[in-house]
Amino acid sequence: MREEAETASPEIPEHDPEAGAPGIVTIDLDALIANYCYLRKLAEPAECAAVVKADAYGLGIAKVAPALWGAGCRTFYVATLKEACSLRDLLPDATIYVFDGLMPGTAAIFEAANIRPVLNSAEEIREWAAHCRSAGKPLPAGIHIDSGMNRLGLPEAEIEAVASEPALFDALELSLVMSHLACSDMPDHPKNEAQRARFDALRKRLPHAPASLANSGGIMLGAGYHFDQVRPGIALYGGQPAEDAEHRFETVVTLESRILQVRTSPAGDTIGYGATRHIDTPARIATIACGYADGISWVLSAGDGKPPLNAFLGDYPAPIMGRVSMDLITLDVTGVPEELARRGALVELIGPRVPLELIADFASTVNYEILTNLCRRAARRYVGGKS
Ligand SMILES: *Cc1c(COP(=O)(O)O)cnc(C)c1O
């Protein structure tokens, strides 16, 4: 019955699922693969894994992970066990690690789905070793060393403690030692080298295993940070991992939204909630079908005196005017030719002309959050990826 109701919708013809969509998110899998290949080459001879947590940073793990697998990626990282189980269904032969590590009582699930926890404490290591003993075989797992982030992982004292219990490492198979950088987006920050040196020293107190330190930003810091394996996320998805970097990663995500209505508003009036934006001269205002519920933050609201973010109609900028609503944004299209700024036309809100970093700056956040907030209401279009 539900299926019938869905296909019977008269407004949305079957041949064009995007016709009634308020917006379109386009995800360019060729650009994703180009970014992966760039990082892999840079990190050689280290292995290039991929971080696909949080639904591949909001892009859709069901498309992203198989595309990366097709490009030769064999090791994947997610945050949670649930994410790992979904990924296992997509990629039966991939090596999968879970950053969150071992929650009490979940070891059997890891084993059954052939998923590896990244063990974050001596307690987790002991629990995994105990599970291996009862399973009668050493099962692979990674260990996270805290090199100065103070978030997850074993501090030095715990490394000492487990290193003095060799039986633990007879029971389990140590397949990875890793750590994470706090300041890789700031290449000149002294904490980078401090963490690199600390990781290198601490890992040698554990039995030998492949080592991994670098996220996207870490890869750009140079070969000394690559060790045996690198773990990029944001750069794969077109985010720039550091300010002022020479290399520009290819744009993977574009968000376009449709114009619902265009009006000319009289001088002296105000636009939108709170009447925060006054107009001095008559202005043409386009209202688009996108708002903070679609991931375009309320913080991007542009009242009087606040420099607005520009959306784009072709090459023409269309500044945000007034408050961002839940479902709507008002743009000044006075300077845009009328044939472009018309009902039904698509406006670029994220993409080649509006980089993630620019929106993140305006919204006082990071490019990561712009991606993970990407709207679920817009239609999704995947292009490329048939290599
Ligand atoms: C998210 C994450 C990464 C990937 O970081 P990017 O900055 O997106 O490249 C790597 N390692 C760990 C531990 C992470 O949590």
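The values are calculated or read from the model by the stated rules, or taken from the named source; none is laboratory data. Please read all numbers here as calculations on a predicted model, not as lab measurements. Here the Cβ is made from the backbone with ideal geometry for all residues, glycine too, and neighbour counts use every protein chain on show.
Odds and ends about this structure:
- Condition check for T80: out of contact with any helix residue (DSSP H, G or I) (no Cβ under 7 Å at 6 or more places or on another chain) and surrounded by 15 or more Cβ atoms within 10 Å (Cβ to Cβ): no
- Set side by side, the residues D332, D304, D315, D294 differ, and just one is modelled with pLDDT of 95 or more and surrounded by 18 or more Cβ atoms within 10 Å (Cβ to Cβ), which is D332.
- Failed item in (1) away from the ligand (no atom under 13 Å from the Cβ); (2) in contact with a strand residue (DSSP E or B) (Cβ under 6 Å, 6 or more places away or on another chain); (3) under 22 Å from P92 (Cα atoms), with G142 passing the rest: (1)
- Whichever residue in the stretch 335-387 is in a helix (DSSP H, G or I) and of a type in the set (A, V, I, L, M) and, among such residues, is nearest to I27 (Cα to Cα): L371
- Of the set (1) touching a residue at least 24 places away in the same chain (Cβ under 8 Å); (2) part of a loop (DSSP other than H, G, I, E, B); (3) outside the structural domain of R40 (by TED's automatic domain parsing), all apply to R284 but (2).
- Sole residue being without any contact (Cβ under 8 Å) to a residue 24 or more places away in the chain, more than 16 Å from the ligand (Cβ to nearest atom) and out of contact with any Phe, Trp or Tyr (no Cβ under 8 Å at 6 or more places or on another chain), chosen from A67, A113, A108: A108
- Residue selected from the stretch 231-257 under the condition of a type in the set (A, V, I, L, M) and part of a loop (DSSP other than H, G, I, E, B), by the criterion surrounded by the fewest Cβ atoms within 10 Å (Cβ to Cβ): A245
- Residue pairs meeting the criteria (Cβ under 6 Å; at least 6 apart or on separate chains; first hydroxyl-bearing (S, T, Y), in the stretch 147-158; second away from the ligand (no atom under 13 Å from the Cβ) and modelled with pLDDT of 95 or more): S147/R198
- Some residue of the stretch 211-230 being hydroxyl-bearing (S, T, Y), crowded, with 16+ Cβ neighbours inside 10 Å, more than 26 Å from D30 (Cβ to Cβ) and touching a His at 6+ places or on another chain (Cβ under 6 Å): no
- Residues located in the stretch 168-196, provided they are more than 16 Å from the ligand (Cβ to nearest atom) and in a loop (DSSP other than H, G, I, E, B): L172, D188
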